1. With the requirement that a residue be assigned to a helix (DSSP H, G or I) and touching a strand residue (DSSP E or B) at 6+ places or on another chain (Cβ under 7 Å), what does the range 272-286 give you?
2. Give me a count of the residues in the range 125-172 that are free of Cβ contacts under 8 Å to residues at least 60 places away in the same chain, in a helix (DSSP H, G or I) and farther than 27 Å from residue 266 by Cα.
3. Any idea how many residues of the range 48-94 are in a loop (DSSP other than H, G, I, E, B) and surrounded by 22 or more Cβ atoms within 10 Å (Cβ to Cβ)?
4. May I ask you to list the residues in the range 231-271 that are in a loop (DSSP other than H, G, I, E, B), touching a strand residue (DSSP E or B) at 6+ places or on another chain (Cβ under 7 Å) and more than 22 Å from residue 192 (Cβ to Cβ)?
5. Which one of these does residue 111 not meet: (1) assigned to a loop (DSSP other than H, G, I, E, B); (2) in contact with a helix residue (DSSP H, G or I) (Cβ under 8 Å, 6 or more places away or on another chain)?
6. Please go through the range 191-226 and give me each residue that is over 19 Å from the mean Cα position of the chain (by Cα), over 26 Å from residue 253 (Cβ atoms) and outside any helix (DSSP H, G or I), ordered by number.
7. Could you look through the range 125-146, keep only residues that are touching a helix residue (DSSP H, G or I) at 6+ places or on another chain (Cβ under 7 Å) and surrounded by 24 or more Cβ atoms within 10 Å (Cβ to Cβ), and pick out the one that is nearest to residue 291 (Cα to Cα)?
8. Please tell me if residue 193 is buried (at least 17 other Cβ atoms within 10 Å of the Cβ) and touching a residue at least 60 places away in the same chain (Cβ under 8 Å).
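The values are calculated or read from the model by the stated rules, or taken from the named source; none is laboratory data. Because the structure is a prediction, the values reported are computed rather than measured. Using ideal geometry, Cβ is built from the backbone for each residue, glycine included, and neighbour counts are taken over all protein chains shown.
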């Protein structure tokens with residue numbers, strides 16, 4: 001609970017599951033804050049799936065976004081790819097939820113490859129079912145992800161038809177839109193961030209599993225509309241990930257927007273230090289143009 005209190009910033013925290021966490025097994029793994037040279041807050045080995053809600057105090061638009069911070073599937077960059085972003089949405093009347101999804105670990109899960117996706121599915125199920133109480137339009141709920149969190153977000157957006165969580169209510173698990181920021185999309189040898197791939201599906205995965213979680217191969221005409229941001233000089237997650245996903249969306253005639261910066265590297269969060277341009281402004285305009293922010297006035 002101390003970690004929740006430390007990072008929740010007086011926001012409300014909701015456990016994702018009532019009772020036993022699905023696909024879990026007894027373990028002694030603890031969530032651990034990690035000191036990094038960047039001084040950005042990182043939590044390794046997240047084990048307690050939960051949502052931190054940042055609800056607008058006024059001028060709610062009805063739109064909501066669930067944010068998946070990055071971390072190479074080893075933990076989460078909870079501050080600059082999570083809470084900082086949630087506050088920006090909160091300011092413009094968008095309900096934002098930072099998702100603490102489980103780190104895929106053999107020590108904590110029976111099948112680590114599906115653990116994060118279970119949590120993402122449960123998160124959108126929870127937000128959609130509580131939409132009225134939170135003044136949210138159940139048809140304007142999106143998923144957002146950074147880096148490996150972008151892989152999780154795009155996995156939800158392309159693997160929503162098969163429920164991996166208890167869903168007797170048959171609640172739709174499909175996001176209404178996706179915002180993918182320097183995302184891991186592909187687990188192919190050519191494009192994968194190998195750390196994320198190994199952490200999610202192991203060192204020697206079958207080709208079938210590589211293809212299953214290479215989300216550029218899973219796009220259909222029903223994939224949610226998507227906005228992508230990447231830097232051309234990203235050495236950790238090649239820009240080809242976003243380009244491959246954008247091309248797949250184009251082939252299926254799914255509306256998509258994309259911002260590609262010449263420079264910026266990886267992991268810059270809200271602020272690309274190489275330019276005064278703010279990708280968040282472009283994202284807001286894109287949401288507005290898609291009638292997801294009808295009350296937004298810049």
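1. Those that are assigned to a helix (DSSP H, G or I) and touching a strand residue (DSSP E or B) at 6+ places or on another chain (Cβ under 7 Å): 279, 282, 283, 286.
2. Qualifying residue count, the range 125-172: 3.
3. The total comes to 11.
4. Listed by number, the residues that qualify are 254, 255, 263.
5. (2)
6. Answer for the range 191-226, where residues must be over 19 Å from the mean Cα position of the chain (by Cα), over 26 Å from residue 253 (Cβ atoms) and outside any helix (DSSP H, G or I): 202, 203, 204, 205, 206.
7. 141
8. Numbers: buried (at least 17 other Cβ atoms within 10 Å of the Cβ): yes; touching a residue at least 60 places away in the same chain (Cβ under 8 Å): yes.
Against the criterion (buried (at least 17 other Cβ atoms within 10 Å of the Cβ) and touching a residue at least 60 places away in the same chain (Cβ under 8 Å)), residue 193 qualifies.
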